[in-house]
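Just so you know, all these numbers are worked out from the coordinates, no wet-lab data involved. From a predicted model like this one, the values you see are computed outputs, not experimental measurements. Here Cβ is always computed from backbone atoms with ideal geometry, including for glycine, and neighbour counts include all displayed protein chains.
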Amino acid sequence: MRAAVLRQIGDEELDLRDDATTTEPGPDQVKVRVKATGVCHSDLSVLSGLLPMPTPCVLGHEGAGEVVEVGDRVTNVRPGDHVVVNWTPDCGTCADCLRGEPYLCMSFLAEAFGDPRFRLGGDAPAFGMVGCGTWAEELVVPWQGVIKVADDVPFEYAALLGCGIPTGVGAVFNTAKVRPGSKVAVVGAGGVGLSVVQGARIAGAATILAIDPNEAKHPIAKQFGATHTATLDNLAETNGLLTGGQGFDYVFEVVGKAAAIQTAWQTTRRGGDVIVVGAGAGDDNFQMSAFSLLFDGKTLKPSLYGESDLKRDIPLFVDLWRAGKLDLEGLITRRIRFEDLNDAVATLKRGDAIRQVVLFD
């Protein structure tokens, strides 16, 4: 089968192979034929080494497909089912899961560093990104790593439900719990940032400001529900006009940079919430004074994977899509083929796309 392989960290291009295979699924595992997979900034983070993964590694973590084989003990899905790949499967028994925080479960993610489920050229082992590897025609994951989805949901839409939508919309619904009528700002208008914008609109925010230095993204943000847009240069003026200089109730950082967190902090009102959604580098430190932390009364909240539980949230997202409230089609900038993946990576690096989706059929 075909698979896009990162040979070593720092490579400019992926090795697009046609001689990859998967391991056979164990009794608690599922084999999925991937039908659609997104090209996400987190994939770039593995390419650059910002997110550590062992190599060689089949990239991709946002995908959907059809179950082709299940292990003897698997009961949640069967061959023929349509599924979303869940890159943070929860074990259900660890302390994080028992606290009701499945998005923090590391049981299966830890296995991704020691369990290569791909073979290249017949016998050379290769890992899957975060235990997945959706940039391959098939993959093997634990049964907790697939969430069944209705057959009428197009695979390219279902793929977005595996990362971009739960990360962005989930940050609004689960982490911030945005209140109707509130004022929201979003720092970064990429694919996940636009999902945050959509979530804020659905939650009933009265004012939604999309902040991005690339003005070409501003009209797109308005299509998804932003009421206003700003660059960093006119942010202070816009903040003054929209909030009287008081700041926003909720500000979401969706860039993954300490400077962007600082921007979000400065744009938030006293007593407001700063929600960190972007994945930053380990050595990119955010600093603030202890005085400001206490007396401004602001809350700094991380939102890993939108604090989503895909078993609960995917049906909700599908219902919102059916109701015409969640725009999935608009997020897809390009539908591409496997052979276009290196070009897609270059396009994403330039910031010229929201979401590119690979279709395998």
Could you order the peptides 187-197, 280-290, 127-137 from most to least packed, using the average number of other C-beta atoms within 10 Å per residue? 187-197, 127-137, 280-290
Whose amide H sits under 5 Å from the amide H of T333, counting only residues 5 or more places off or on another chain, with H placed in the peptide plane? I354, R355, Q356
Sorted by chain and then number, the residues having a modelled amide H within less than 5 Å of the amide H of K301, at least 5 places away or on another chain, are V274, I275, V276
What list of ³J(HN,Hα) values in whole Hz, one per residue of the stretch 283-289 in order, does the Karplus curve 6.51 cos²θ - 1.76 cosθ + 1.60 (θ = phi - 60°) give from phi, with Gly and Pro shown as x? 9, 9, 8, 9, 10, 8, 7
Return P(r) of the stretch 168-304 (all Cα-Cα pairs; 5 Å bins starting at 0; whole %; ordered from short to long distances). 2, 12, 23, 26, 22, 11, 4, 1
Gaussian network model of the chain, springs between alpha carbon atoms under 10 Å - residue of T229, T93, T268 with greatest fluctuation: T93
Give me H218, H82, H61 ranked fewest to most by other Cβ atoms within 10 Å of their Cβ, as a rough exposure proxy. H218, H82, H61
At R0 = 30 Å, how high is the FRET efficiency between R7 and D115 if r is their beta carbon distance? Nearest 0.05 is fine. 0.95
Which entries of K217/K325; K257/K325; K148/K217; K31/K301 have Cα-Cα distances beyond 24 Å here? K257/K325; K148/K217; K31/K301
Could you give me the ³J(HN,Hα) list for the stretch 149-159, computed from phi with Karplus coefficients 6.51, -1.76, 1.60 and θ = phi - 60°, whole Hz, x at Gly and Pro? 10, 4, 5, 8, 7, x, 4, 5, 6, 4, 4
From the Cα trace of the chain, what convex hull volume per residue do you get, rounded to a whole Å³? 130 Å³
Ratio for the stretch 1-103, C-alpha Rg to 2.2 N^0.38 Å, reads 1.22
Size of charge dipole - the chain - debye, nearest 20, with Cβ of Lys, Arg +1 and Asp, Glu -1, no other charges: 1160 debye
